[in-house]
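Please read the structure below before turning to the comments.
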Amino acid sequence: MFEIPYGRQSLDSRDVEAVRAVLESEFLTQGPIVPLFEGNLQAITGAKYAVAANSATSSLHLACLALGLGQGDLLWTSAITFVASANCARFCGADVDFVDIDPKTYNMSMDHLEAKLRIAAAQGNLPKILVPVHLTGQPCDMKRIKELSLEYGFKVIEDASHAIGGEYENEPIGNCKYSDVTVFSFHPVKIITTGEGGAALTNDEHLASKMRSLRSHGIIRDKQSMKNPMDATWYYEQIELGFNYRLTDIQAALGVSQIQKLSAFVSKRRELAERYFNRLDPERIILPFQMQGTRSAWHLYVIKVNKSQHSRVFETLRQSGINANVHYLPVYRHPYYEKIGYNIYDYPNAEQYISEAMSIPIFPTLSTENQDFVIDTINNLVKQFEVGT
Ligand SMILES: *Cc1c(COP(=O)(O)O)cnc(C)c1O
C-alpha cells in the first residue's frame, strides 16, 4: 500500500558498513566507539561533556538524578511534549506540573512560565528543575529561561530530542550555554538515529561523571573516588544505585556514521520546509511561526487547520496514504496523569493546539513528487471542508 510516513530514518551503505565493522570487532559494547560518538557530539555542539545512553528517556532520567531530583521535589515541563519529558520526574519520585504553550511557537510560553513562577514563589512550591522542550526542532527562548532560572533558583534540562542540528542565536543547540544539561534522542524518527539511543550534554564535570556512574550501575573505577581502594587491577566499587542505561558500540557506530550527515539532513529538512511555506494555502492553513534568531532542525512540520475541519482533513489524509500525526496529546490528558489530577482549564493554548494541529511528512528522503502530492492533497482538503460548506 502507498504510504508516506510523517518521518523516518535515512540510512545508506556507509551506515551499514560502520555497523558491520563493529560486529566484526572485539567489542560490541563498552568498546571505543561510544567514547568516539560522545566526542563527536561534543565537537558539533561545543559542550564540554557528552554522556551517551540507550535512549533519551534514560538520559532525561540520568540528568534528573544528577541534579538531585527526588521525592518532594517538583519538575515543570511543557504541556505539549512527549510523555518522557514528564516521566523522568516520576522515575525519581518527584511531582510534575505543566506550563501552557505559546500559541505561536507551540513551545512553553514565557508569559505563562513567568506568571506561574511568581505564584509558586509566593506559595513556596517552586520547581527544582524546568524542562523546556524545543518542539518540532524550534529552540525555546533560552535567554529568558536562563534569567528566570537565576531569579527563581531552578535547574534547566533542555529536551532537545527534536533539535539536534538546530541553532539558537547562531549557536548550536546542545552547547548548554543557557542550561545545565541538554538531551538528544536518536530514535529512528528523529534527526539522526542509533536505532534506540540518546545523549546528555553538559559543561559541568561533576554532572557528567555522576551521569556516567549512574548509567552503569553506580560503579566507579577511578581510585581517587573509591571508598575502600584496593591495590588490584580487577577492583571496582559500586558507590550508589545506578542502572544499565548504556548505549552499545553497535549503536554508537551508526551514530558516528549518521552524525557526519547531520548538516546535510538538516539542510534537506529546511528545503522541504521552505517548499511547504511557499506552496501550502496560507489563507486556510496556519503555517509554523519561526522565532527571530533561531533556526529549527525541522524534526516536525506542524500545520494548523480550523478546528471544525481538523478530523475530516486528518482522516482523509490518512485514507490517501499520507500518515499525518498529532504531536502531542497534552501530557496531562493521558490517563496516568489525569489520575494525578490536572485542570484542563489551566492550559487553554494547549487545548486549542490539540484541536487544530497536525504534523505532515518531513524527512530527508521525501521526494519532490511525494511532497507535491502531500501539498496538493492538503490544499484541496482544506478548501473542500471549508467552514460553512
Ligand atoms: C522522542 C522524544 C523523547 C524520548 O526519546 P527516546 O530516545 O525515544 O527515549 C523525549 N522527549 C521528546 C520531546 C521526544 O520527542
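The values are calculated or read from the model by the stated rules, or taken from the named source; none is laboratory data. Worth saying up front: this structure is predicted, and the values here are computed from it rather than measured. With ideal geometry, Cβ positions are generated from the backbone for all residues, glycine too; neighbour counts draw on all protein chains shown.
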Could you please tell me which pairs satisfy a Cβ distance under 7 Å, a separation of 6+ or placement on different chains, a first residue in the stretch 304-324 that is on the phi < 0 side of the Ramachandran plot and small (G, A, S), and a second residue that is part of a loop (DSSP other than H, G, I, E, B) and surrounded by 14 or more Cβ atoms within 10 Å (Cβ to Cβ)? A324/Y6
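I'd like to verify a number: residues in the stretch 30-74 that are of a type in the set (A, V, I, L, M, F, W, C) and part of a loop (DSSP other than H, G, I, E, B), how many?
Qualifying residue count for the region: 3.
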Anything in the stretch 207-235 that is assigned to a loop (DSSP other than H, G, I, E, B) and surrounded by 14 or more Cβ atoms within 10 Å (Cβ to Cβ)? List them, or say none. H217, G218, M226
Pair list, Cβ under 9 Å, 6 or more apart: the stretch 160-174 residue modelled with pLDDT of 95 or more, other residue away from the ligand (no atom under 16 Å from the Cβ) and aromatic (F, W, Y): G165/F265; Y168/Y178
Between a first residue in the stretch 32-55 that is under 11 Å from T202 (Cβ atoms) and a second residue that is acidic (D, E) and assigned to a helix (DSSP H, G or I), which pairs have beta carbons less than 6 Å apart while being 6 or more apart in sequence or on different chains? A50/E38
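Residue by residue, here is whether (1) away from the ligand (no atom under 13 Å from the Cβ); (2) basic (K, R) holds:
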position	(1), (2)
N125	yes, no
Q138	no, no
P172	yes, no
K177	yes, yes
Checking S179 against (1) without any contact (Cβ under 8 Å) to a residue 60 or more places away in the chain; (2) surrounded by fewer than 24 Cβ atoms within 10 Å (Cβ to Cβ): exactly one of these is not met. Which one? (2)
List the residue pairs whose Cβ atoms are under 6 Å apart, where the first residue sits in the stretch 140-153 and is touching a residue at least 40 places away in the same chain (Cβ under 8 Å), the second is assigned to a helix (DSSP H, G or I) and surrounded by 13 or more Cβ atoms within 10 Å (Cβ to Cβ), and the two are 6 or more positions apart or on different chains. D141/M110
Restricted to the stretch 160-170, and to residues that are on the phi > 0 side of the Ramachandran plot and not small (G, A, S), which residue is nearest to the ligand (Cβ to nearest atom)? E169
Would it be correct to say that T193 is among the β-branched types (V, I, T), touching a His at 6+ places or on another chain (Cβ under 7 Å) and part of a helix (DSSP H, G or I)? no
In the stretch 85-123, the residues that are surrounded by fewer than 24 Cβ atoms within 10 Å (Cβ to Cβ), within 14 Å of the ligand (Cβ to nearest atom) and within 27 Å of A273 (Cβ to Cβ): N107
I119 vs. criteria out of contact with any Ser or Thr (no Cβ under 7 Å at 6 or more places or on another chain) and either in contact (Cβ under 8 Å) with a residue 12 or more places away in the chain or in a loop (DSSP other than H, G, I, E, B) (or both): no
When you scan the stretch 363-372, do you find a residue that is acidic (D, E) and within 21 Å of A84 (Cβ to Cβ), even just one? no
Between I157, I145, which is farther than 19 Å from N40 by Cα, β-branched (V, I, T) and within 12 Å of the ligand (Cβ to nearest atom)? I157
Specify the residue that is nearest to the ligand (Cβ to nearest atom); the eligible residues are those in the stretch 179-190 that are of a type outside the set (S, T, N, Q) and assigned to a loop (DSSP other than H, G, I, E, B). H187
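Would it be correct to say that K116 is farther than 30 Å from N54 by Cα, in contact with a strand residue (DSSP E or B) (Cβ under 8 Å, 6 or more places away or on another chain) and not hydrophobic (A, V, I, L, M, F, W, C)?
When the stated conditions are applied, K116 passes them.
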Checking the condition over 14 Å from the mean Cα position of the chain (by Cα), buried (at least 24 other Cβ atoms within 10 Å of the Cβ) and away from the ligand (no atom under 16 Å from the Cβ), which residue from A66, A43 passes? A66
Filtering the stretch 150-178 for residues that are closer than 10 Å to L201 by Cα and among the hydroxyl-bearing types (S, T, Y) leaves a count of 0
Is it true that some residue in the stretch 290-301 is free of Cβ contacts under 8 Å to residues at least 60 places away in the same chain and either touching a Gly at 6+ places or on another chain (Cβ under 9 Å) or more than 16 Å from the ligand (Cβ to nearest atom) (or both)? yes
